[in-house]
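Note sheet for the following structure.
The values are calculated or read from the model by the stated rules, or taken from the named source; none is laboratory data. The structure presented is a predicted model; accordingly, all values stated were derived computationally and were not measured. Note that each Cβ is placed from the backbone with ideal geometry, even for glycine, and that neighbours are counted across all protein chains shown.
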Amino acid sequence: MRQAPATSLAPAESRPARPASRQAPRSSSHACRVLFAPETINIAEVTRGIEVAKRMPEGVDCVFTGFSPRNRDLIEEAGFEFILQEPLLTDEQARQALDFDQGRGHRHPFTRAMLSQRVTSERELIRRLCASAVVVGVTPSQFISARAESVPLVFVRPFAYSLPHVSIARSYGTTAFLPRTTRRQRVIDRAAAGVFHTVASRVPLPRPFYQVAADHGVDLARNVAGALTADLNLIASAPHLLPQHVEMPAGHRVVGPIYAHLPGPVPPLVARLAEGDQPVVYFAIGSSGNRDLALSVLRGLGHAPCQVVAPVRSYLHEEDLAGLPANVHVTDWLPADRLGEAIDLAITHGGEGTVQTSCTQGWPFIGIPLQFEQRFNVQRCVAFGSARLLPQKQVASTDWAALVRQALADEEMRAKAAQMADLMSGLDGPGQAAQAIMELLEGPGVPTSLTKAIPAGAPSPGPERALAPA
């Protein structure tokens, strides 16, 4: 029996963009200040930063910055200051940056001129704030700026593409994002692992990064994996979903899942659907989806025996909504971590935060990975038994009614999803990440109170729970 969650909040109103701040250096009554600098075009990076910042101890001032106003509402609603820097990313540059980061395109907006402006702006802000550390996602310019300012750099990141991931590809001949059930699959995976290791360890970043790094006296590693490795690399993945034999090199630490806890109660629509006779399917494609994918899946689900909740409004045009099937309910972003037992099955793009939400809620899911990191996330859950993987190229030709029917009837997958939720319940990624950052700043064993006064109205993180060793 499904249980309806608590109700309703309208999406936040958008705020106008503020110009980059050019204030003089400022003093602080806090013991230290940490600058969070995710690429704000990526909601997963933004929400990971927010969750870690919420758990930083009293005495630490957490300030956010970025080159796009996108997702700033989430930061400010969580109670944190956001400083918009220049040069601003245009929509086209944001699209190119996301595609480049996620391996879907070779074009990128990071020209020498643009990177020079970013690094100059970032260095000025680090000095003005007297930042004790910089916490990033895949914010490539900060791998120059923080080092040029001799400020510790912390990368809150997925396991995929990290140095330990590259290491197991070399040592054990596995990509960890391809199946290895049959002999043929193992041969293919071993060959792909060789290519992956070669690319990650030998292919450099685009030339402008090295030019700008040299301009600022920074020596960047001549390979992607090394260049995008920070002083402290916090692997925001569940230990039980990491490949066997993996070892963490110096400067790397597994902290556990860190995913979005969006503000506000759940819309009444979800409770209404949960009380109905049909199963409820959750469909989400994060920051890396697109209109064509959303429409293809939603139209296919029109023939499925279910009701669909789809927080994909940002991808669709007004005219798209009128043509959607009657069982499809499109919304803005939802607090997915609190949909709980209202959802019977999830269909997602396989982004780490979205996968972690499904795993924590105990939802079996169908993953449609759009790039290799997402394939890794989905494949680890497929190997565990709580998910199915559908290649993107098969989306249009899939019989969605049959696939949903099969997935809902798969009791073994549902049992594995429940087992997954039990394993996830003991992990506290944000708390462990906050502890690791404080140890970097003040040394191991420092008595930090990681139950920081969370901004008013935000849910309490609950009691501290230790992370089991990887």
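Return only the number of the condition from (1) surrounded by 22 or more Cβ atoms within 10 Å (Cβ to Cβ); (2) closer than 15 Å to Val136 by Cβ; (3) not aromatic (Phe, Trp, Tyr) that Lys54 does not satisfy.
Of (1) surrounded by 22 or more Cβ atoms within 10 Å (Cβ to Cβ); (2) closer than 15 Å to Val136 by Cβ; (3) not aromatic (Phe, Trp, Tyr), only one is false for Lys54: (2).
Somewhere in region 103-122, is a residue under 13 Å from Ala37 (Cβ atoms) and in contact with a helix residue (DSSP H, G or I) (Cβ under 6 Å, 6 or more places away or on another chain)?
Checked against the condition, which is being under 13 Å from Ala37 (Cβ atoms) and in contact with a helix residue (DSSP H, G or I) (Cβ under 6 Å, 6 or more places away or on another chain), region 103-122 yields at least one hit.
For residues that are assigned to a loop (DSSP other than H, G, I, E, B) and out of contact with any Leu (no Cβ under 8 Å at 6 or more places or on another chain), scanning just region 261-275, find the one that is modelled with the lowest pLDDT.
His261
For the condition without any contact (Cβ under 8 Å) to a residue 12 or more places away in the chain, in the same structural domain as Tyr161 (by TED's automatic domain parsing) and within 29 Å of Gly429 (Cα to Cα), what is the one hit in Ala221, Ala176, Ala200, Ala227?
None of the other options fit; the residue is Ala221.
Against the conditions (1) among the polar types (S, T, N, Q); (2) without any contact (Cβ under 8 Å) to a residue 12 or more places away in the chain; (3) in a helix (DSSP H, G or I), where does Gln379 fall short? Just the number, please.
Status for Gln379: all satisfied but (2).
Which members of region 18-39 meet the condition of being at pLDDT 95 or above and touching a strand residue (DSSP E or B) at 6+ places or on another chain (Cβ under 6 Å)?
Correct list: Arg33, Val34, Leu35, Phe36, Ala37.
Can you pull out the residues in region 387-431 that are buried (at least 18 other Cβ atoms within 10 Å of the Cβ) and of a type in the set (Val, Ile, Thr)?
Within region 387-431, just Val404 meets the criteria.
Scan region 283-296 and give yes if some residue there is touching a Ser or Thr at 6+ places or on another chain (Cβ under 7 Å) and more than 30 Å from Ala193 (Cα to Cα), otherwise no.
no
Within region 326-344, can you find the residues that are small (Gly, Ala, Ser) and assigned to a loop (DSSP other than H, G, I, E, B)?
Passing the criteria: only Ala326.
A quick yes/no check of all residues on (1) among the aliphatic types (A, V, I, L, M); (2) over 21 Å from Phe36 (Cα atoms); (3) in contact with a helix residue (DSSP H, G or I) (Cβ under 6 Å, 6 or more places away or on another chain); (4) buried (at least 17 other Cβ atoms within 10 Å of the Cβ):
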residue	(1), (2), (3), (4)
Glu81	no, no, no, no
Gln93	no, yes, no, yes
Leu98	yes, no, no, yes
Leu125	yes, no, no, yes
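Based on what the data block shows, is Thr331 among the β-branched types (Val, Ile, Thr), in contact (Cβ under 8 Å) with a residue 60 or more places away in the chain and surrounded by fewer than 17 Cβ atoms within 10 Å (Cβ to Cβ)?
yes
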